[in-house]
Amino acid sequence: MAKELTVRVGDTWQPKGLIYFAMVMMALMLITNVLNLKFINIYGMSVIASQLSYVFSLIIADIMAEVYGYRRVRRLLYVGLGCLVLYALFLQAAVLLQPANGYTNDPAFKALFSQTPRIVTASIVAYFVTELMNSFVMSRLKVRTRARFFYGRALTAVGIAQIVNGITFYGIAFGGVLAISTIASAATFSWFAVMVCEFLVLPITKQLALAVKRYEGIEHYDSQPQPADP
């Protein structure tokens with residue numbers, strides 16, 4: 001017999017597994033920013049390599065928003081934003097510092113990690129606002145639907161978040177540099193690719209979210225859920 005979940009509203013309970021998800025989320029933030037440096041070929045199409053890690057980011061983001069709520073995820077994202085800024089600052093400092101005598105890989109290091117400030121800013125800001133929007137929409141819809149319709153809530157949240165991601169990343173990184181039609185085409189393809197990935201992994205995401213809920217023993221809402229229909 002399945003364990004009955006206790007309903008909790010707001011941050012009135014102490015999570016047991018949040019710290020592990022937080023560490024995975026921080027790792028994926030850094031991995032995604034590194035993979036942004038390379039494009040790969042998939043069936044003749046040029047795709048940014050960070051799409052590989054982004055699938056796992058979708059699963060983690062949906063589970064965290066569903067189980068732990070927007071407020072906790074928001075605080076973790078603030079910490080993650082600070083980590084990304086530190087990562088960018090130290091990486092660029094290493095690029096600018098004089099290489100040691102005998103170190104022959106400095107040109108390759110600079111070629112790989114000397115990103116323009118626009119790309120760095122776009123990557124960091126886009127990741128932050130996208131995850132924030134995804135968690136916010138997921139949380140609001142959970143309250144309105146009383147935790148029903150997980151597939152619909154997850155797809156809606158990711159769809160809206162990815163629109164924000166496309167506008168933010170491509171607008172900051174390439175606005176005024178590439179033609180609007182080129183930017184729109186790249187952003188649209190990215191949106192469809194992410195939505196397809198989200199749809200394919202949803203059964204896994206749902207089962208993992210249910211498992212984490214049972215582990216915590218809690219059905220969390222950020223605010224008082226809507227009353228059930230009479």
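The values are calculated or read from the model by the stated rules, or taken from the named source; none is laboratory data. As the structure is a computational prediction, the values presented were derived from the model and not from experiment. Neighbour counts run over all protein chains shown; Cβ positions are idealised from the backbone, glycine included.
How many residues are assigned to a helix (DSSP H, G or I), touching a residue at least 24 places away in the same chain (Cβ under 8 Å) and not basic (Lys, Arg) when one looks only at the range 66-97?
Adding up the residues that qualify gives 16.
What tally of residues in the range 11-65 results from selecting those that are at pLDDT below 85, in a loop (DSSP other than H, G, I, E, B) and not hydrophobic (A, V, I, L, M, F, W, C)?
7
Restricting the search to the range 153-181, which residues are among the small types (Gly, Ala, Ser), touching a helix residue (DSSP H, G or I) at 6+ places or on another chain (Cβ under 8 Å) and surrounded by fewer than 19 Cβ atoms within 10 Å (Cβ to Cβ)? Before you say what the answer is, go through the steps one by one.
The initial filter retains those residues of the range 153-181 that are among the small types (Gly, Ala, Ser), namely 154, 157, 159, 161, 166, 171, 173, 175-176, 179, 181.
When the remaining residues are screened for being touching a helix residue (DSSP H, G or I) at 6+ places or on another chain (Cβ under 8 Å), the result is 154, 157, 159, 161, 166, 171, 173, 175.
Gly159, Gly171, Gly175, listed by residue number.
Scan the range 1-51 for residues that are among the basic types (Lys, Arg), surrounded by 12 or more Cβ atoms within 10 Å (Cβ to Cβ) and in contact with a helix residue (DSSP H, G or I) (Cβ under 7 Å, 6 or more places away or on another chain) and jot them down.
Correct list: Lys16 only.
Any residue that is closer than 30 Å to Trp13 by Cα and loosely packed, with under 13 Cβ neighbours inside 10 Å - is there at least one of those in the range 182-203?
Scanning the range 182-203 turns up at least one residue that is closer than 30 Å to Trp13 by Cα and loosely packed, with under 13 Cβ neighbours inside 10 Å.
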